[in-house]
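First up is the structure itself, then whatever we jot down about it.
Quick note: the coordinates plus some simple rules give every number you see, no bench work behind them. This structure is a prediction, so every number in the text was calculated from the model and none was measured. Please note: Cβ atoms are built from the backbone with ideal geometry, for glycine as well, and neighbour counts cover all protein chains shown.
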Amino acid sequence: MKERGGSRAAVDERYAQWKSLIPVLYDWFANHNLVWPSLSCRALVGMASEGAGMMGLYGGLAFCDARVYERTDGSVPNTLVIANCEVVKPRVAAAEHISQFNEEARSPFVKKYKTIVHPGEMVDALFVFLPCKQVNRIRELPQNSKIIATHTDSPDVLVWDVEAQPNRHAVLGASESRPDLILTGHQENAEFALAMCPAEPYVLSG
């Protein structure tokens with residue numbers, strides 16, 4: 001059976017080749033297996049949430065914020081996860097270490113800092129997916145990286161103050177987090193076009 005991009009054997013062979021070349025392609029590499037698939041991810045290298053107590057470089061590590069949106073099957077809410085990541089400085093880790101990773105493992109360098117229950121898909125009693133608001137794009141405000149905007153399948157853009165938002169537990173029946181600001185104006189869905197102005201605190205969407 002043919003799959004997109006070739007047979008499964010050919011895909012596996014290309015993946016094995018890529019994995020063997022990781023020490024050549026990257027200065028450092030780490031993987032972190034998630035419970036749910038992620039449609040959007042955003043990393044701010046050199047930044048870290050205040051909860052980590054550190055920013056920039058320290059003891060051979062660089063810290064960054066990662067914002068990951070997890071889309072679930074409806075058994076638990078969709079979430080926007082804020083994580084602190086410790087990134088080893090270039091050429092510190094051994095080549096053998098970064099090329100022999102376990103795809104199913106979770107990295108000790110990734111530490112969840114805060115969870116936001118993002119408005120997302122709902123499933124009715126007949127297990128039919130209702131119109132969803134999955135996050136397609138995440139962008140941060142250059143003037144304040146703690147302010148982020150998420151663009152969904154709806155016409156609206158949601159703005160979040162990461163530090164002000166309470167940490168939530170993603171359990172079945174949990175109420176959705178309330179965005180700090182909802183930007184409206186689009187008459188139709190505008191799923192992916194989202195940017196932040198580098199000079200002024202403006203959100204651009206289309």
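Overview of values
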| quantity | calculated |
| --- | --- |
| Inter-probe distance in nm under a simple model that places probes 7 Å from Cα toward Cβ, at A164 and L181 | 0.9 nm |
| Exposure proxy ranking, count of Cβ atoms within 10 Å, fewest first, for I138, I82 | I138, I82 |
| 5 angstrom amide H check on R137, placed H, neighbours 5+ away | H151 |
| Proximal charge balance of E191 [Cβ under 9 Å; K/R count +1, D/E count -1] | 0 |
| Residue order, fewest to most surrounding Cβ atoms within 10 angstrom, among L21, L158 | L21, L158 |
| Burial ordering of L181, L44, fewest other beta-carbon atoms within 10 Å first | L181, L44 |
| Potential extension, N31-A43 segment - 0.36 nm per residue separation minus Cα distance | 2.9 nm |
| Rounded to whole Hz, the Karplus (6.51, -1.76, 1.60) HN-Hα couplings of the stretch 144-152, x for glycine and proline | 7, 5, 7, 9, 10, 10, 10, 10, 10 |
